[in-house]
1. Choose one answer from 42, 171, 61: the residue with the largest mean-square fluctuation in a GNM of the chain with alpha-carbon springs under 10 Å.
2. Rank 109, 39, 183 by mean-square fluctuation in a GNM of the chain with C-alpha springs under 10 angstrom and give only the top-ranked residue.
3. Apply the a/c threshold of 1.5 to the C-alpha gyration tensor of the range 69-141 and tell me whether it is rounded, prolate or oblate.
4. Hey, what angle do you get for helix 59-79 against the long axis of the chain, alpha-carbon based, 0 to 90 degrees rounded to 10?
5. Would you kindly state how much longer the chain becomes between residue 88 and residue 56 on full extension, computed as 0.36 nm times their sequence separation minus their alpha carbon distance, in nm to one decimal?
6. Can you give the angle from 0 to 90° between the axis of helix 14-23 and the longest principal axis of the chain, with both taken from C-alpha atoms, to the nearest 10?
7. For residue 7, project a label point 7 Å along Cα to C-beta. Then give me every residue of the range 33-61 with its amide nitrogen under 15 Å of that point.
8. By counting other Cβ atoms within 10 Å of each Cβ, how are 65, 123 ranked from fewest to most?
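Read-outs throughout are calculated quantities, based only on the coordinates presented, and are distinct from any laboratory measurement. A quick note: this is a predicted structure, and the numbers were derived from the prediction, not measured. Using ideal geometry, Cβ is built from the backbone for each residue, glycine included, and neighbour counts are taken over all protein chains shown.
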């Protein structure tokens, strides 16, 4: 398991993460990329704690995602199954589990202040923290996508599921875009990755 973890997370996190997995009796599965989530946790029918994490994540996002999912397990075990999935109990568990990893031996220096800020009040997904998400994406494999905030107003773009949109305006922190086929308006986070068409 240590050799497998070493392929996916920073070197100095391998031993403590392995110990966390063993202590919580986690069955970890590294899976092909899913568009809708980075990872998930569930208690299987046999009572085993099953966590899946996408194999395509860079090592920093993989570590954050794995700890995020272990925090679900810890929160449910400590506070019961009736808590909100990303409520106060989960936030507390996530902070407590993640803080020991926010060190320069594990994360690059430029990520440390962003992580410290994020973990004062962690959100359900690090993708909703635009600054942190963009900083983490610098460590992804290169691709030909653009961020919606980068493309000019009036540009036409395609998203992962094939739907085509036109960028119209900014509304507070998100971008208003119209779906070409339906005429419906949608809001996109600035860090949404899109394929520019024109």
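1. The residue with the greatest mean-square fluctuation here is 171.
2. 183
3. prolate
4. That works out to roughly 60 degrees.
5. Working it through step by step, the gained length comes to 8.6 nm.
6. Once rounded, one gets 70 degrees.
7. So the set is 33, 53-59.
8. Neighbour counts put them in this order, fewest first: 123, 65.
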